[in-house]
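Take a look at the structure set out below.
Quick note: the coordinates plus some simple rules give every number you see, no bench work behind them. Computed from a predicted structure; not experimentally measured. Using ideal geometry, Cβ is built from the backbone for each residue, glycine included, and neighbour counts are taken over all protein chains shown.
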Amino acid sequence: MNNFKKSNNDGNIAFGFIILGIGIILLLKKVGIFIPGWVLTWPMILIAIGTFAIIKHEFKSFFGFFMLFFGTYFLLKNEFDFEFGISQYIWPLGLIALGVYLITQRNRENRVIADIRNNWQANKSSGTFKSSSVEDAKVVGDDAGTSSFNSSQSTGDSGFTRTTGTSFADRLNIDAVFSGVNRKLMTKNFQGGKITTAFGGVDLDLTQADFNGVVTVQIDIIFGGVKLIVPPHWDIRTEVSNIAAGIEDKRYFRDGGVDPSKVVVLKGTILFGGLEIKSY
């Protein structure tokens with residue numbers, strides 16, 4: 001029976017290089033150095049997103065290659081007048097490829113669900129619950145807001161996310177690219193994690209989660225937004241770098257103040273986006 005494995009690449013380096021590249025380009029343009037017009041076109045945005053997704057998922061991301069191909073195609077066609085003779089077929093072929101991917105992805109999710117149910121039935125007498133799939137457990141459907149199964153990477157205990165968005169994982173691993181993701185975390189052993197969004201949004205409800213000590217959440221936002229709903233007694237500390245972005249703390253604090261035994265440290269970068277923290 002296989003255990004979940006921790007990815008060797010969390011995508012932070014790739015995201016950092018993208019932010020670095022954008023900053024250098026903007027700086028060079030401000031000081032009067034000539035920057036080709038195609039560098040700041042919309043196909044380059046697709047190429048950047050595709051490159052980020054490919055590196056983040058260790059060259060196993062269909063979405064990343066899809067975005068990279070379309071960005072490169074339209075960049076060469078629009079800016080350099082390359083004509084490949086497939087202009088009339090590009091959108092039908094793209095939709096066919098996307099449809100095939102979604103169908104096969106759903107089959108993978110069904111196999112994961114079947115494995116989990118089989119393991120549950122086999123182990124319910126002993127009270128243990130593990131997943132028997134390593135690769136299938138990481139569902140790319142996170143980007144589309146569909147169901148996914150994530151590992152609590154530091155303890156080895158498995159967690160999963162229902163189609164309703166309710167998650168029982170101990171550790172966050174959320175990606176939202178050109179999409180919206182809604183999550184409600186139910187774990188009582190919250191261990192932090194990471195949230196990455198590009199041209200999308202994430203709504204994360206932590207009101208039913210609990211933990212003790214200090215946890216870190218890495219938040220990287222580019223042209224998007226993240227809303228965190230947290231218990232009012234948690235001590236939320238923000239160490240986020242924001243560029244043309246905003247951070248709003250709309251929490252309602254109790255008379256007793258915050259609990260020093262529950263500290264959440266938010267780290268990361270926000271570029272042309274927003275982070276909102278709320279409580280009920």
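Observations, loosely collected:
- In this simple spin-label approximation, Thr41 and Ser261 carry label points 7 Å from Cα along the Cα→Cβ vector, and these lie 6.0 nm apart.
- Ranking of Arg237, Arg251 by neighbouring Cβ atoms within 10 Å, starting from the fewest: Arg237, Arg251.
- Theoretical FRET efficiency, 1/(1+(r/R0)^6), r = Cβ-Cβ of Glu58 and Ser241, R0 25 Å, to 0.05: 0.45
- Fewest-first ranking of Phe34, Phe63, Phe199, using other Cβ atoms within 10 Å as the exposure measure: Phe34, Phe199, Phe63
- Length-normalised contact order for region 12-84 - Cα pairs under 8 Å, 6+ apart - percent: 29 percent
- Each of Leu75, Leu20, Leu204 has some number of other Cβ atoms within 10 Å of its Cβ, and from fewest to most they run Leu20, Leu75, Leu204.
- Computed from backbone phi, the HN-Hα couplings of region 193-198 come to x, 8, 10, 10, 9, 9 Hz, rounded to whole numbers (Karplus: 6.51 cos²θ - 1.76 cosθ + 1.60, θ = phi - 60°; Gly and Pro given as x).
- Sites Phe199 and Leu27, calculated FRET efficiency, Cβ-Cβ separation with R0 22 Å, nearest 0.05: 0.45
- Kirkwood hydrodynamic radius computed over region 204-274 comes to 12.9 Å, based on all pairs of distinct alpha carbons.
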